[in-house]
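*Asks:* If you scroll down you'll find the structure; I have some questions about it.
Just so it is clear, none of the values below were taken in a lab; they were calculated from the coordinates. Computed from a predicted structure; not experimentally measured. Counting neighbours? That spans all protein chains shown, and the Cβs are built from the backbone with ideal geometry, glycine included.
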Amino acid sequence: MSETVLLVGGGGREHAIARALADGDAEVHACAGNRNPGIAAVAESFETLETTNSKAVTAFAEEVGATLAVVGPEGPLEAGVADALDDAGIYAFGPREAEARIETDKAFQRRFMRQNDIPGCPEFETFDDTTAACEYIDEYDGDLAVKPAGLTGGKGVRVVGDQVTAEEAKEYLRDNDYDRVVLEERLVGEEFTVQAFVADGQLRVTPAVQDHKRAYEGDEGPNTGGMGSYSDAGLELPFLTEDDYREAVSVLEATVEALDGYKGVLYGQFMLTAEGVKVVEFNARFGDPEAMNTLPVLNTDLLDVLVAARDGEDLPQLSFAPKATVCKYAVPEGYPTDPEAGAKVRIDEGSAARAAEGSDGEAILYYASVDEREDGVYTTTSRSFAVVGVSDTITDAERVAEDALAVAGEEGLRVRHDVGTEDLVQRRVDHVAELRGE
Ligand code: AMP
Ligand code: GLY
């Protein structure tokens, strides 16, 4: 039976989900705050609406006769959009508001880990008082990560000893006066992501990915939602052993066991440290950009996973093409602190896709937070589009991504060209060797 799937969200991640669904037997209807031209092109219909408005999303789902829904971003999950869809009889692949707190409330997340003995939890304290938090920074012997408990689009954390001094961290807390913050030990190592499909207590894991949070080349500048990411031809990464990967998976397994009734994607952000794998955070959805690494190499039909989740059947075992991927985002000038929204951009999806013709690789362009209007495509305050190179090795995939970028229309936008380069990957490998005392 064919399925009618409602897709919520209009970023690069959602374009990747839309493609993966449309490649299968799904009829996709999409809604987002911005009109993403890539999603609109593969969807039967596209509605511009506020995706945190549960009533509007549910009404649209009912109007198109959705038999399933996928909620891409965290905002709607926090707003209870999955609850509203479920309650309307439309199974949402995405956790209900209470379970999404694993992402949307970092204080809850750490306490949950502590209470359930989930391995990899750093030392932490939670505060609802800025003065007490500042005192703790003064007293703490070592560096801390300062984390607002609520959602900040990946841009709220300040790490003492890395991005800021202890004085600057306190100033940051005083300036913002967050209701609740988590202060936790600074983890030193290499970050990586493992995403899993979860339903009925089962999970199916996907290859590890490394994202690049910092805005500028060489890992400089403020944190962003992610500037680009890469994955290798297997489940691991060049700096990550099979044992490290398994350690991360066992954290996800323990988390799923402790979470009652979680459904959707569980995203683990890990730090490989000298003491093993630690949890930086969990997200309650696919990563963006990481979904753009994972979905193009997923051979299993995404729709089959969603249908099995809805119908309470065993989730299919996943199969992945043995290919490496490199994803690079083009973002508005000034992103993330002072992004230039409303600039007209020319994005040439066709030329980008043809960039890999005649090679073993594949190039894909995903539109992200741009808005298609009658007279063209405009930037918003978030990331504009991404290109993904898919090939046998990370180095080859990186070249494919660069070839695609060269013709995609990155003028006026900014790219971290170092993502996935041999140099940068080697630095990760060397860093981990140093941490391990090799
Ligand atoms: P989050 O929003 O929790 O993903 O944090 C954003 C980024 O801040 C992470 O990707 C890390 O680079 C950094 N970060 C968060 N927590 C820590 C920590 N405990 N130690 C070091 N860096 C961290
Ligand atoms: N890539 C980071 C995130 O999706 O939160």
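*Asks:* I'm a student and want to see the number: the projected area of the Cα convex hull of segment 341-438, averaged over all directions, in nm².
*Replies:* Numbers: hull surface 30.0 nm².
Over every viewing direction, the Cα hull of segment 341-438 projects on average to 7.5 nm².
*Asks:* Report for segment 119-190 the percent antiparallel among DSSP-assigned beta bridges with both residues inside it, nearest 5. Intermediate results must be reported in sequence, preceding the final value.
*Replies:* Working: 11 of 12 bridges.
So the antiparallel bridges amount to about 90 percent of the total.
*Asks:* What does the helix-only formula give at 222 nm for the chain: each DSSP H stretch with n ≥ 4 adding -39500 (n - 2.57), the total divided by the residues, and the result rounded to the nearest 500 deg cm²/dmol? Mind dumping the intermediate values first?
*Replies:* On the way: 15 runs with 147 residues, N = 438.
-10000 deg cm²/dmol, from helical runs alone.
*Asks:* Could you work out Rg/(2.2 N^0.38 Å) for segment 296-336, with Rg from alpha carbons only?
*Replies:* Numbers: Rg = 16.2 Å, N = 41, 2.2 N^0.38 = 9.0 Å.
Segment 296-336 yields a ratio of 1.80.
*Asks:* Report the relative contact order of segment 299-384, percent, no decimals, based on alpha-carbon pairs under 8 angstrom and at least 6 residues apart. Intermediate results must be reported in sequence, preceding the final value.
*Replies:* Details: 100 pairs, mean separation 25.0, N = 86.
So the answer I get is 29 percent.
*Asks:* While we're on this one: For segment 379-396, what does the Karplus curve 6.51 cos²θ - 1.76 cosθ + 1.60, with θ = phi - 60°, yield as ³J(HN,Hα) per residue in whole Hz, taken in order and with x for Gly and Pro?
*Replies:* Once θ is set to phi - 60°, the couplings for segment 379-396 become 6, 10, 7, 10, 5, 8, 7, 10, 10, 10, x, 10, 7, 5, 10, 4, 4, 5 Hz.
*Asks:* Hey, what's the Kirkwood Rh for segment 142-258 if you take every pair of different alpha carbons, in angstrom? Provide the component values of the computation, followed by the final result.
*Replies:* On the way: mean 1/r = 0.0615 Å⁻¹.
Its Kirkwood hydrodynamic radius stands at 16.3 Å.
*Asks:* Quick check: pseudo-label points 7 Å beyond the Cα along Cα→Cβ at R114 and E185, how many nm apart are they?
*Replies:* Going by the 7 Å Cα→Cβ label model, 1.4 nm.
*Asks:* Mind checking which lysines have their Cα closer than 24 Å to the Cα of K170? Skip sequence neighbours fewer than 8 apart in that chain.
*Replies:* Here the lysines satisfying the reach criterion relative to K170 are K106, K147, K155, K213.
*Asks:* As an exercise, use a Förster radius of 60 Å and the Cβ-Cβ distance of Q317 and D129 to find the FRET efficiency, rounded to the nearest 0.05.
*Replies:* Numbers: r = 49 Å, r/R0 = 0.81.
It comes to 0.80.
*Asks:* Right, here's the next one. I need the fraction of alpha carbon pairs in segment 20-97 separated by more than 22 Å, rounded to a whole percent.
*Replies:* Of all Cα-Cα pairs in segment 20-97, 15 percent lie more than 22 Å apart.
*Asks:* Oh, and also: With 18 Å as the cut-off, how large is the P(r) tail for segment 206-341, expressed as percent of Cα-Cα pairs?
*Replies:* Details: 5711 of 9180 pairs.
Considering segment 206-341, 62 percent of its Cα-Cα pairs are separated by more than 18 Å.
*Asks:* Using Cα pairs closer than 8 Å and at least 6 residues apart in sequence, work out the relative contact order for the chain, in percent.
*Replies:* Details: 1057 pairs, mean separation 69.6, N = 438.
Dividing the mean separation by the residue count of the chain yields 16 percent.
*Asks:* Dividing the Cα convex hull volume of segment 1-160 by residue count, how many Å³ per residue is that? Provide the component values of the computation, followed by the final result.
*Replies:* Values: hull volume 23.4 nm³, N = 160.
Hull volume normalised by residue count: 147 Å³.
*Asks:* Taking other Cβ within 10 Å of each residue's Cβ, how do C31, C327 sort, fewest first?
*Replies:* Numbers: C31 27, C327 34.
Least to most surrounded, the residues fall as C31, C327.
*Asks:* Report, in whole Å, the centroid distance computed from the Cα atoms of segment 205-226 and segment 289-311.
*Replies:* 23
*Asks:* Calculate the FRET efficiency for D25 and E62 from the Cβ-Cβ distance with a Förster distance of 25 Å, rounded to the nearest 0.05.
*Replies:* E(calc), rounded to 0.05, equals 0.70.
*Asks:* Hey, can you grab everything whose amide H is under 5 Å from the amide H of A356? Only 5+ residues off in sequence or another chain; H modelled, so Pro and N-termini drop out.
*Replies:* For A356, whose amide H was placed from the backbone, the distant partners under 5 Å are A363.
*Asks:* Between R427 and D392, with labels modelled 7 Å along Cα→Cβ, what's the label distance in nm to one decimal, could you check?
*Replies:* 2.8
*Asks:* Restricting to the chain, what percent of DSSP beta bridges are antiparallel, rounded to 5? Numbers along the way, then the final one.
*Replies:* On the way: 63 of 80 bridges.
So the antiparallel bridges in the chain amount to around 80 percent.
*Asks:* Then there is this: Can you give me the convex hull volume of the Cα atoms of segment 80-123, divided per residue and expressed in Å³? Kindly include the intermediate steps, with their values, before the conclusion.
*Replies:* Values: hull volume 3.4 nm³, N = 44.
About 77 Å³ per residue, rounded to a whole number.
*Asks:* Oh, and also: Within 10 Å of each candidate Cβ there may be at most 10 other Cβ atoms; applying that plus a DSSP loop requirement, which GluC sites (Glu not before Pro) in segment 1-91 survive? Could the numbers behind the result be given before it?
*Replies:* Values: sites: E3, E14, E27, E44, E47, E50, E62, E63, E74, E78; in loops: E44, E50.
Qualifying residues, ordered by number: none.
*Asks:* Also: Semi-axes of the equivalent ellipsoid of the chain: what are they in whole Å, largest first, if each equals the square root of 5 times a C-alpha gyration tensor eigenvalue?
*Replies:* Ellipsoid half-lengths, sorted descending, are 31, 26, 23 Å.
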